[in-house]
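Trainee: Please find one structure pasted underneath; my questions will follow.
Bear in mind that the values in this text are calculations on the coordinates, not laboratory data. Note that the structure is a prediction, hence the values are computed from the model and not measured. Backbone-built Cβ (ideal geometry, glycine too); neighbour counts: all protein chains shown.
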Amino acid sequence: MDSAAPSLLVVTGLQREARIAAGHGVVTLCSGGDPQLLRERLDSFFSAQTGRRAIRGILSFGLAGGLAQHLRSGDLIVSTSVEAAGNRHDAHPGWHDAVISALGKRRAVHRGATAGHDLVLAKASEKTSLNRQTGALAVDMESHIAAHYARRHDLPFAAVRAISDPATRNLPPIAMDALTPDGKIAIGKVLMDILRETDQLPALITAGIDSERAFAALRRCRRLLGPLFGLGGAHL
């Protein structure tokens, strides 16, 4: 890609999400499921990019936990705002509208607030509580950080997330510590944990099925939104 060409920065938690997002005009940055590491990587990114490449906007893209009871795995959330620690970051309205228009009138696309959280919410009770506190539809660990950096650098922000674990679902403990710092699944560790705690296997299989539905939704979304995820056609 031409180093002088305007680019879209896409923030993800997983390498698999980053691979789906990748394309011409897109720069991806993965957190590896570590919010503090994401902040450090964003600091380094903007420090290194100053004066060398124009970033036109920041998108948070990937999986999310459901907070609203009516959402199912694979449903897409187009954020109107991100709520975190009492702070609210609004998505750019023109970009949000462009995303909604590109996705069309699909039953599994929902617009509304999402919540940002530095820890995985594994229990259904935790997700229900956060929904009552914030009214948010979904929660993830990257959107609030991406939104903060977008505001800091005066850039448009948007977030598109697919529900991977519904509000009624508890994540198995094995899934809580399954990532490497570069956002890949630590297969060896997961297999060893399963051998030690075989009773978690059914819940882990269910979580895997849910996440595959979410990844399929992200792939469809990527195709529909085009090269810059609707940013190119947005009224900025």
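Trainee: Want the number for residue 224 to residue 72: 0.36 nm per residue separation, take away the alpha-carbon distance, what's left?
Mentor: 52.7 nm
Trainee: When ranked by the protection proxy of mean other Cβ atoms within 10 Å per residue, highest first, what sequence do the peptides 139-148, 120-129, 29-38, 7-16 form?
Mentor: The packing order, highest mean first, is 139-148, 7-16, 29-38, 120-129.
Trainee: Counting DSSP beta bridges with both partners in the range 1-159, what percentage is antiparallel, nearest 5?
Mentor: 20 percent
Trainee: I'd like the FRET efficiency for residue 168 and residue 54, computed as 1/(1 + (r/R0)^6) with the beta carbon distance as r and R0 of 41 Å, rounded to 0.05.
Mentor: That pair, residue 168 with residue 54, gives E of 0.40.
Trainee: May I pose another question? Multiplying the sequence separation of residue 119 and residue 105 by 0.36 nm and subtracting their Cα-Cα distance, what value in nm do you get?
Mentor: 1.7 nm
Trainee: Right, something else. Which length gain, in nm to one decimal place, applies between residue 151 and residue 37 when the Cα-Cα distance is subtracted from 0.36 nm times their residue separation?
Mentor: 39.1 nm
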